[in-house]
Protein chains: 2
Amino acid sequence: MSKPKVVVTRKLIDHAQALLDSNKDLEIVQWDSEKPAPREWLLQNAQNASGILVMLTDKIDTELVSTAGSTLKTISSFSVGTDHVDTALLKSHNIRLGYTPTALTDAVADLTVMLTLMAQRRGGEAMAKVLDGEWPQMPWHPLLMTGPQLGGSTVGFLGFGRIAQATVKRLLGFGVKKVVYLTSRPGEGAREDHYGLLGGGKSEVPIQPAKSWEEVASESDVVIVGCALTPSTKHLVGKEFLAKMKKTAVLVNIARGGVVDTDALVEALDQDRIFGAGLDVIEGEPNVPKDHPILKQKRCVLVPHIGSATVPTREQMAEESVKNLLAGLRGEEMVNEVKL
Amino acid sequence: MSKPKVVVTRKLIDHAQALLDSNKDLEIVQWDSEKPAPREWLLQNAQNASGILVMLTDKIDTELVSTAGSTLKTISSFSVGTDHVDTALLKSHNIRLGYTPTALTDAVADLTVMLTLMAQRRGGEAMAKVLDGEWPQMPWHPLLMTGPQLGGSTVGFLGFGRIAQATVKRLLGFGVKKVVYLTSRPGEGAREDHYGLLGGGKSEVPIQPAKSWEEVASESDVVIVGCALTPSTKHLVGKEFLAKMKKTAVLVNIARGGVVDTDALVEALDQDRIFGAGLDVIEGEPNVPKDHPILKQKRCVLVPHIGSATVPTREQMAEESVKNLLAGLRGEEMVNEVKL
């Protein structure tokens, strides 16, 4: 009997690659590059595969699953999201799905604080002034390049899952005075307390559920978007929301671009109705051309979806996706498995 | 008898201006602009002044003190530093000197964390890619735009005063595993424990004095320069120091430009011998022309000395400098007075 075949659509990182390679009982077919595998390559090689390890750029659909055939037992995705996977299809074929949702929490929370501080302290604008050679001509005065400060502020979250709570854990050291958050059940508390911060735990500041998005918008000095994109959160931060925000407040989005109405944000920034913004995601990404209107807003910092982009996090995600693949083949427990 | 005269070299901010104006028993002569008062204006108006409130751009020297004459009781400086003041001269004339060293701690510590994260997460480079319209063409791969991560790291400080300790207070929430610091007496602990972090206090991670700069350089994943510029710290971070740093480490300077040898830093960045840098200060500032070699280093973030640039901090500094001025005139205790 031939060895079970696994298809891997990308070269992996050190330890993860070694872990994969150590399985001499498997036939490993791997796209040997850090660039995406072409769809044709994946379809050609999927035939008779028992497992497929994919990136978020690989679509798992009827065509692929049919091509693989009845041998296919498991899909392992190197990603936190599963938008690229037809989960109903996998369920109907009894194919297990692994993913890597927890590894990236710290990296994204770090980036959230970076974007918050950059939005408040005019990080992009400050760098641009220096790069443009303006520093020698900037006359010092007491309000030059000033922004708001985290100390004493209220931070509001839309969505209060693991990443949002990890962000709060970091922000407490900056002296924030209050945290409010909106869950999918307004007025109700978070389902899970990931760091012992809720219910009078380690935190010395009140961390409370909000009754409405209006409460988050109007009370917060920093609004952090940390919720999933669903029909009810699509454009939740739009014209009305932005109009209720304080003039000195900043908006940070590290979740999904579609939660924020980009046109409304550009208008609010352009008219100085909020102080600034820090974005890791935006509608239509990565198609953000050089002349995109958001790029003209000097109080807005936009980075190219690098939330999870740290070496330790990507190494952990790669290792977990190999472990999930192997567990799927062997009928063992995965590190993280999607309940189909 | 005429009212005592005070000279103020800049328009102040809301509350501070109101506090000053409320003193109807004083003759207030004030430069009515947010731009610096010309030296000639200051000299013309200093005559017979009892107090002078100055910015860090105003030099307090023999010429000014002689011009003011025997009425001069106090100088109040709107600044953390007193390099612009001839302190020996004031002492010999029995003139008191107020300054505002503590107000800015939180603002500078916030900026230190921002620069640390930007250096690790390639903040400047990431923004530049988006602004240059490169995002649509960036193929995703597991190590794209990755950097090191604060979790599990060792953070080393050169100097461990109030700002450095306030920075540690913030960094603990990010999961750093160890803090080492060098004082002016290598191997000895910090003289003051500003936040109860030392000696097994609130902190769960070891915070230890280093025996040498070599120890800080070689052990740290993040090196933060927080010391004063003195003959012994001048170019402390030079070729040798940078050579001992880890390839994955970042350098952050929020103290004084001269502690870091700029040429050596440019070379280290250019040859990828350290991962990145975040600078609020640089030698020769503000004279950093557009073609300065540091600006060609895409892993280096440089902002124009905005450490204390938050509205609440600048308001507090303005208020304290007015309070110091009034206390100096009335023989009362200042918020912060330089021991001459």
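The values are calculated or read from the model by the stated rules, or taken from the named source; none is laboratory data. Treat the numbers as computed from the prediction; the structure is a model and nothing was measured. When we count neighbours, we look across all protein chains shown, and the Cβ atoms used for this are built from the backbone with ideal geometry, even at glycine. What goes into the accessible areas is simple: the full protein's heavy atoms, side chains included, and nothing from ligands, DNA or RNA. Shrake-Rupley method; radii C 1.70, N 1.55, O 1.52, S 1.80 Å.
So the values come out like this:
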quantity: Label-to-label distance, nm, for residues given as B:L144 and A:D25 (7 Å Cα→Cβ offset); calculated: 3.6 nm
quantity: Accessible carbon and sulfur surface of the range A:180-325 relative to its total accessible area, %, 1.4 Å; calculated: 49 percent
quantity: Positive-pole candidate from A:P38, A:S50, A:A16, dipole of the range A:14-61, charges at beta carbon; calculated: A:P38
quantity: Cα gyration tensor shape of the range A:188-340, rounded if a/c is under 1.5, else prolate or oblate by comparing a/b with b/c; calculated: oblate
quantity: Relative contact order [Cα under 8 Å, 6+ residues apart], the range A:105-302, whole percent; calculated: 23 percent
quantity: Surface per residue (accessible, 1.4 Å probe) for the protein assembly as shown, Å²; calculated: 41 Å²
quantity: For the range B:302-340 versus the range B:175-208, the gap between their alpha-carbon centres in whole angstrom; calculated: 28 Å
quantity: Of the GluC sites (Glu not before Pro) in the range B:59-159, those whose Cβ has at most 14 other Cβ within 10 Å and which sit in DSSP loop; calculated: B:E134
quantity: Fraction of accessible area attributable to carbon and sulfur, the range A:4-70 (%, probe 1.4 Å); calculated: 49 percent
quantity: Cross-link partners of B:K239 among lysines (Cα-Cα below 21 Å; sequence separation of 8 or more within a chain); calculated: B:K211, B:K247, B:K296, B:K298
quantity: Estimated distance in nm for a label pair at A:W41 and B:H84, the labels positioned 7 Å out from Cα along Cα-to-Cβ; calculated: 6.1 nm
quantity: Cα-based helix-to-principal-axis angle, B:105-120 vs chain B, degrees rounded to 10; calculated: 30 degrees
quantity: Coil-residue trypsin sites (Lys or Arg not before Pro) of the range B:289-336, DSSP, other Cβ within 10 Å capped at 12; calculated: B:K290
quantity: Computed magnitude of the charge dipole of the range B:105-302 (debye, nearest 20; Cβ of K, R +1, Cβ of D, E -1); calculated: 340 debye
quantity: Average Cα contact separation per residue, chain B, under 8 Å, 6 or more apart, as relative contact order %; calculated: 19 percent
quantity: Those residues of the range A:172-217 for which accessible area with every protein chain present is at least 50 Å² below the isolated value (1.4 Å probe); calculated: A:G173, A:F174
quantity: Shielded by partner chains, the range B:91-113 residues - at least 30 Å² of accessible area, 1.4 Å probe, vs chain alone; calculated: B:D110
quantity: Two-decimal ratio, the range A:66-205, of alpha-carbon radius of gyration to 2.2 N^0.38 Å; calculated: 1.53
quantity: Distance cut-off 37 Å, percentage of C-alpha pairs in the protein assembly as shown lying past it; calculated: 44 percent
quantity: Pairwise Cα inverse-distance average, inverted: Kirkwood Rh of chain B (Å); calculated: 21.9 Å
quantity: Long-range Cα-Cα pairs in the range A:105-302 (distance over 22 Å), rounded percent; calculated: 45 percent
quantity: Chain B: calculated mean residue ellipticity at 222 nm from DSSP helix runs of at least 4, using -39500 (n - 2.57); calculated: -9000 deg cm²/dmol
quantity: Rotation relating A and B, chain B residue nearest the axis via C-beta, angstrom; calculated: B:G173, 2
quantity: Sparse-neighbour loop sites [trypsin sites (Lys or Arg not before Pro); the range B:45-104; at most 14 other C-beta within 10 Å; DSSP]; calculated: B:K59
quantity: Helix axis angle, A:311-330 relative to chain A longest principal axis, alpha carbon, degrees; calculated: 30 degrees
quantity: Residue-level accessible surface for B:I254, protein heavy atoms, 1.4 Å, Å²; calculated: 20 Å²
quantity: Solvent-free Debye scattering, log10 I(q)/I(0), computed from the Cα coordinates of the range A:221-289 at q = 0.12, 0.20 Å⁻¹; calculated: -0.26, -0.75
quantity: Degrees separating the helix A:162-171 axis from the principal Cα axis of chain A, which is the longest one; calculated: 40 degrees
quantity: Area buried, chain A against chain B - accessible surface, total, 1.4 angstrom probe, square angstrom; calculated: 6100 Å²
quantity: Point-to-point label distance, B:E192-A:A128, nm (Cα→Cβ direction, 7 Å offset); calculated: 3.9 nm
